[in-house]
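The values are calculated or read from the model by the stated rules, or taken from the named source; none is laboratory data. What you see is a predicted model; the values in this text were computed from it and never measured. FYI the Cβ positions are ideal-geometry reconstructions off the backbone, even for glycines, and counts take in every protein chain you see.
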Amino acid sequence: MITPAQRMSVVKPYVFAKMNKRKDELKAGGMDIIALDMGSPDLPPTDFIVDTLVTSARNPNKHGYGGFTGSAAFRKSFAQYYARRFNVKLDAEKEVLPLLGSKEGIYHTAFAYLNPGDYALVPDPGYPTYTAGTEIAGGTPYFMPLLKENNWLPDLNAIPANVLAKSKLMWLNYPNNPTTGTAPLSYFEQVVTFCKQHNILLCHDNPYCENGYDGYIAPSVLQVQGSKDIAVEFFSLSKSHNMAGMRVGVILGNSEAVRLIGMLKSNVDSGPFIGIQDATITALTGDQEWLYDRQETYKERRDLVVTGLRAVGCELDVPQATIYVWARIPSQYNTSAEWAEYLLEKKGISLTPGSAFGAHGEGYVRISLGTSTKRIKEAMDRIAS
Ligand SMILES: Cc1ncc(COP(=O)(O)O)c(C=O)c1O
């Protein structure tokens, strides 16, 4: 046996990798499992996006490496999208960098910035890669609690001065996974000022900005005047345009961070497949009308879950955005893992215990809406029974 690197001592299997193993065992034993765990959209991108991918895949000239910084047209399509959607001006040469899905970029950002002893400020509960990237890079996460009484926004005044002095990165994510909380632009303004004061790179992760309901339109942190001095935003096509399997996202904003992470990544990957870059250009510059219908589908599912869970005594807020519902567990259960395990083992429903997202997620579960409406109905019937 060859001894693994010391850094592997902080590496744990990703939460869904562990869960999938148990689901596979139950399925092998004949159980019908309804998966409401991972936020993987069941719906495909609209036809004209797939058509672009297919056309490019059939073009023999499109099978070389995609380029470390992607094509000029790819980068420009993000500048156009941000101008139209957020009224944000981006330099497509210096302020846009492709990622092989935003997860990859989030992970590598930690490696570009953190030394042992450096802190990254991480929301708790939060997307697990903020913590995993920090720890594997040798840094230390400082957990900022997301509490319902604070509208799921970190209390900046609660971060100790000695931690701030050693902090280099702050992770934020609104619309939020897993709490479904949203942040007004005024909160982003406060955070930009705060990060400038403390010289911390503000990393805003914005994959759910196209997943608003009932007219809610999520902002970008880059809308804040002067934000590019201190902030980057991660954008992903996974949930915005149902392109999770294509693995495409970008980091946008602060040009020094974009340059540094780009240089690091040039040693790691060689850019996204050109066909996927082309499909992305079509997704961002083509007709966006289909997203409205897609959100109506999620909304129907959201309402089914809200009604179904409230009927069994779960307290929850109706989400304004994201593809999740975040609900308190019924009072007869002690922990979120206990209820999740009961639902999986006895009812064949797989959802994510809130504790998988951090200590402050305890007492909650996250339900993903990326499963067919029929199966979601069936899951709610099983829970009611
Ligand atoms: C908050 C957040 N950030 C990033 C990601 C990763 O997205 P991608 O598919 O672009 O890697 C997810 C995926 O669920 C997420 O919820």
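Out of all the residues in the stretch 174-208, which are without any contact (Cβ under 8 Å) to a residue 60 or more places away in the chain, within 16 Å of the ligand (Cβ to nearest atom) and within 23 Å of Arg366 (Cβ to Cβ)?
Within the stretch 174-208, Tyr174, Gly181, Ala183, His204, Asn206 qualify.
Does Gly67 satisfy the condition of being part of a loop (DSSP other than H, G, I, E, B) and not assigned by TED's automatic domain parsing to the domain that holds Ile367?
yes
Quick one: in the stretch 220-246, of everything that is in a helix (DSSP H, G or I) and within 16 Å of the ligand (Cβ to nearest atom), which residue is surrounded by the fewest Cβ atoms within 10 Å (Cβ to Cβ)?
Only one residue fits best here, namely Gly245.
List, please: which pairs have Cβ atoms under 9 Å, are six or more places apart or on different chains, and start with a residue in the stretch 30-41 that is within 13 Å of Ala340 (Cβ to Cβ) and end with one that is within 11 Å of the ligand (Cβ to nearest atom) and part of a loop (DSSP other than H, G, I, E, B)?
From residues that are within 13 Å of Ala340 (Cβ to Cβ), the pairs are Ala35/Gly370; Leu36/Gly370.
Working carefully through the options Leu260, Leu252, find the one that is among the aliphatic types (A, V, I, L, M) and within 16 Å of the ligand (Cβ to nearest atom).
It is Leu252.
Take the conditions farther than 27 Å from Glu210 by Cα and either crowded, with 24+ Cβ neighbours inside 10 Å or of a type in the set (S, T, N, Q) (or both) and apply them to Ser355. Does it pass?
So Ser355 does not fit the description; no.
Only one of these is small (Gly, Ala, Ser), assigned to a loop (DSSP other than H, G, I, E, B) and in contact (Cβ under 8 Å) with a residue 40 or more places away in the chain: Gly117, Gly105. Name it.
Step by step, each of Gly117, Gly105 is checked, and only Gly117 is small (Gly, Ala, Ser), assigned to a loop (DSSP other than H, G, I, E, B) and in contact (Cβ under 8 Å) with a residue 40 or more places away in the chain.
Condition check ((1) among the charged types (D, E, K, R); (2) in the same structural domain as Pro125 (by TED's automatic domain parsing); (3) within 17 Å of Thr179 (Cα to Cα); (4) not in a loop (DSSP other than H, G, I, E, B)) across all residues:
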| position | (1), (2), (3), (4) |
| --- | --- |
| Arg310 | yes, no, yes, yes |
| Gly313 | no, no, no, no |
| Val318 | no, no, yes, no |
| Trp326 | no, no, yes, yes |
| Asn334 | no, no, no, no |
| Leu344 | no, no, no, yes |
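For the condition on the phi > 0 side of the Ramachandran plot and within 22 Å of the chain's Cα centre (by Cα), what is the one hit in Gly313, Gly358?
Selected residue: Gly358, the only one of Gly313, Gly358 that is on the phi > 0 side of the Ramachandran plot and within 22 Å of the chain's Cα centre (by Cα).
Which is among the hydroxyl-bearing types (Ser, Thr, Tyr), within 16 Å of the ligand (Cβ to nearest atom) and at pLDDT 95 or above, of Tyr142, Tyr82, Tyr130, Tyr113?
Residue meeting the stated conditions: Tyr130.
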